[in-house]
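**Q** Sharing a structure here in structure tokens format.
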Amino acid sequence: MASCATTYDVDPRIAPAATDFASAPRVEVRLDSFSFEPRTLGLQDGQPVTLAFTNVSDGGHNFAAPGFFQAAQVAQSSAPIVANGAIEVGAGDTVEIQLIPSRGGYDVDCTHTGHTLLGMTGSIVVR
Ligand SMILES: [Cu+2]
């Protein structure tokens, strides 16, 4: 993991074991140099979802949203991935997590040095 990236302490609630993630919609987020697509991610409060983060660039990026991950109920298998509030996605890689989002508005950025200044900011709106 890149040492130049800021991380956060996140201790999310774990989603109930009976949560049906198998039939949850898959929502894709693209990370590029230097942007998130979509820039504003819209999700539904309380609805299980699979988030697929794909880095289409040739450099490392992350999706840092500590407030969002803290408020969500995260699938047990995804908890280690969100534990530092920022999901690292290597060049050309895809990382998937499963969670149940909680209502609210949350900030997103990439904490790799300088990337926010270059445009890697976004938001999540959960209604
Ligand atoms: Cu970045």
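**Q** Rounded to two decimals, what ratio of Rg to Rh does the chain give with C-alpha atoms and a Kirkwood Rh?
**A** 0.94
**Q** Can you give the relative contact order of the chain as a percent, counting alpha carbon pairs under 8 Å and 6+ residues apart?
**A** Averaging sequence separation for qualifying contacts and normalising by length gives 35 percent for the chain.
**Q** If each of Arg127 and Ser23 carries a label point 7 Å out from its Cα toward its Cβ, how far apart are those two points in nm?
**A** About 2.5 nm, to one decimal.
**Q** If you don't mind, another one. Between Thr7 and Ser57, 0.36 nm times their residue separation minus their Cα-Cα distance comes to what?
**A** 15.9 nm
**Q** Roughly speaking, to the nearest percent, how much of the stretch 13-126's 1.4 Å accessible area is carbon and sulfur?
**A** Its accessible area is 50 percent carbon and sulfur atoms.
**Q** Right, next: Count the DSSP beta bridges whose two residues both fall in the stretch 13-126, then state the antiparallel fraction as a percent rounded to the nearest 5.
**A** Rounded to the nearest five, the antiparallel share is 65 percent.
**Q** Further, regarding this structure: Once amide H atoms are placed 1.01 Å from N in the peptide plane, what residues at a sequence separation of 5 or more from Gly85, or on another chain, have their amide H within under 5 Å of its amide H?
**A** Those qualifying (amide H under 5 Å, at least 5 residues apart or on another chain) are Tyr8, Val10.
**Q** Rounded to the nearest 20 debye, what is the charge dipole size of the chain about its Cα centre when +1 sits on each Lys and Arg Cβ and -1 on each Asp and Glu Cβ?
**A** Computed charge dipole of the chain: roughly 320 debye.
**Q** Can you work out the Karplus-derived ³J(HN,Hα) for every residue in the stretch 71-84? Use 6.51 cos²θ - 1.76 cosθ + 1.60 with θ = phi - 60°, whole Hz, and x for glycine or proline.
**A** Rounded to whole hertz, the list is 7, 7, 9, 9, 4, 3, 5, 9, 4, x, 6, 9, 4, 10.
**Q** What order do you get for 69-76, 34-41, 14-21 when each peptide is scored by the mean count of other beta carbon atoms within 10 Å, highest first?
**A** Result, highest mean first: 69-76, 34-41, 14-21.
**Q** Would you kindly state how much longer the chain becomes between Arg30 and Arg103 on full extension, computed as 0.36 nm times their sequence separation minus their alpha carbon distance, in nm to one decimal?
**A** 24.0 nm
**Q** Apply the Karplus curve 6.51 cos²θ - 1.76 cosθ + 1.60, θ = phi - 60°, to the phi angles in the stretch 55-61 and return the couplings in whole Hz, x for Gly and Pro.
**A** Rounded to whole hertz, the list is 9, 8, 9, 9, x, x, 9.
**Q** Leaving out ligands and nucleic acids, and using a 1.4 Å probe, what accessible area per residue does the stretch 1-104 come to in Å²?
**A** 49
The values are calculated or read from the model by the stated rules, or taken from the named source; none is laboratory data. As the structure is a prediction and not an experimental result, all values here were calculated from the model. Note that each Cβ is placed from the backbone with ideal geometry, even for glycine, and that neighbours are counted across all protein chains shown. What goes into the accessible areas is simple: the full protein's heavy atoms, side chains included, and nothing from ligands, DNA or RNA. Shrake-Rupley method; radii C 1.70, N 1.55, O 1.52, S 1.80 Å.
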